[in-house]
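Take a look at the structure set out below.
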Amino acid sequence: MKTHNCRNLAVLVASIVGLAGAADTVAKEGAPEPRGGGSCFSVAGGGASTWVICDDEITDNGLPAGGSCDTGIPGSGASIDDASTTTGGGDAFDFASLLFVNNSQVGGIATQNGNSVSFAPSTVAGLTRQLRYDVLTSQSTTRVVFTLTNTTGAPISPAVNYVGNFGSDGGTVINGTFSGDTVFTAADEWFVSSDGGDGDPVNTTVLFGGTSPPASTPTSVSQTAFNCAGPEGYNVLFNPTVPANGSITFLFFQRLSDTAAGAVPAAADFSNIDLTSPLVAGLSAAEINRLVNFSFGPVGPPPPIPMLSNRMLLLLGLGLALFGVIAVRMNLSRG
C-alpha cells in the first residue's frame, strides 16, 4: 500500500469530513485528476472493477528497480496506479504495468477514449514508443498494448522491462503459475499472486503466449521491482529486435480476481488465447501481425471469392441454353 498517492488521500479526507460530493468528484470515472502535475483517469471495467491510470508515476532513480515510487511532471511516466473490485477490495497495485526501454521509462500525456487510455508517443534513440491501456468491459482485466517503431535504417535490439509493484507488499505470495507450481520463472506465461487472503485483490499477470511459440519471451524475471511500501512485484526483461523502418508490438494483461482458488484455474484462458477470444477483441490486424510476445498467426483480409474464367462462363452459358431448349421441346411434346 503506497502512502503518497494523492488520489487515495483526497478520497480518504473527503470521506472522513463527510464531503461525499468532493470524494465523488475526485474519483469520477473518466475525469482526469490533477496530481503531481499529471493526470489520472478512473475507468470502469468488467467484473465491477475500477482501474486508475496515470501519466505521472515514476521511480525516483529513473530505473525499473533499486529506487522508490514517486510522482513527476505531466507525461513523465505511464502506470496503472491501482485497481479494485466491489467484491475483492482495492490496493491491487502500487504502480503497475510500467514499461522501460533501455532503462528509460515510457510516458506521454494521457488521453482517454472510451475504455482506453493512450499516451502521446515519444522517440528516443531511434525508437518511437507508443503505449495504450485497454480496460476490458467483458471481465476485470486490463490489456497493455505497447508498440516500438524503428525510425532508422538498421535493426535495433533494445532492453524492454515490464515492471509492477503489488499492493500486497511483504505479504505477497505466488499462488500458481503456467508451469503448475508456485515458483515464478522465465518459462511461465502467467502467474497468480495475492496477499495470502488478507483483503487485497488477487492478481493474474500475463507476459506472453498464444497458439504457437512467440518470437520474444522473457530473458529474465524477478519478483523484486522498485520500492513502494516494499519491492514485491515483477520485473520482466525482454530483448527483442525491431527491424529497420519496422514496428513490433507487445501485449500484456493484468486481471483481478476475488480468490486465488478461482484465479489459478481461470488463468487457463490466457494459455488458450486465439483470435476468437474477447481478450483480443478490438486489436487491429496490424497490431496482431506485429506481436512479438504472442503468436496467433498472420491476420489479413478475407480470401478473394473465386472468379470463373471466360471459358467457364461460356460453357456455363451454353449449358443453360441447352437446358432451356430441352425444356421447351419437352413441353411441346406433351402438348
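So, in Å, what gap is there between the alpha-carbon centers of the range 85-107 and the range 204-265?
Using only Cα atoms to place each centre, the spacing works out to 12 Å.
Which residues in the range 142-170 place their backbone N less than 16 Å from a point set 7 Å from the Cα of ILE73 along the Cα-to-Cβ direction?
Of the residues in the range 142-170, none has backbone N under 16 Å from the label point off ILE73.
What is the gain in length, in nm to one decimal, between GLN223 and LEU63 on full extension, counting 0.36 nm per residue of separation less the C-alpha to C-alpha distance? Could the numbers behind the result be given before it?
On the way: separation 160, 0.36 × 160 = 57.60 nm, distance 1.53 nm.
Stretched out fully, the GLN223 to LEU63 stretch lengthens by 56.1 nm.
Using the Cα atoms of the range 207-287 to build a convex hull, what is its mean projected area in square nanometres? All intermediate terms of the calculation are to be shown ahead of the outcome.
Values: hull surface 30.5 nm².
Its average projected convex-hull area is 7.6 nm².
Taking amide hydrogens as modeled 1.01 Å from N in the peptide plane, which residues meet the under 5 Å criterion relative to ASP82, leaving out close sequence neighbours?
The answer is VAL52.
Residue-wise, which Karplus ³J(HN,Hα) couplings in Hz belong to the range 239-254, taking 6.51 cos²θ - 1.76 cosθ + 1.60, θ = phi - 60°, and x for glycine or proline?
Along the range 239-254, the couplings run 10, x, 10, 9, x, 4, 6, x, 9, 10, 10, 9, 10, 10, 9, 10 Hz.
Which whole-number value in Å³ per residue fits the convex hull of the alpha carbons of the range 88-228?
Values: hull volume 20.0 nm³, N = 141.
Expressed per residue, the convex hull around the Cα atoms of the range 88-228 is 142 Å³.
Working out 0.36 nm times the residue gap between SER271 and ASN289, then minus their Cα-Cα distance, what length gain in nm do you get to one decimal?
Numbers: separation 18, 0.36 × 18 = 6.48 nm, distance 1.88 nm.
The SER271-ASN289 span can extend by a further 4.6 nm.
What is the percent of Cα-Cα separations in the range 147-272 that go past 23 Å?
So the portion of pairs separated by more than 23 Å is 35 percent.
Quick note: the coordinates plus some simple rules give every number you see, no bench work behind them. Since the model is a prediction, treat every value here as computed from it, not as a measurement. Note that we place each Cβ from the backbone using ideal geometry, even for glycine, and neighbour counts take in every protein chain shown.
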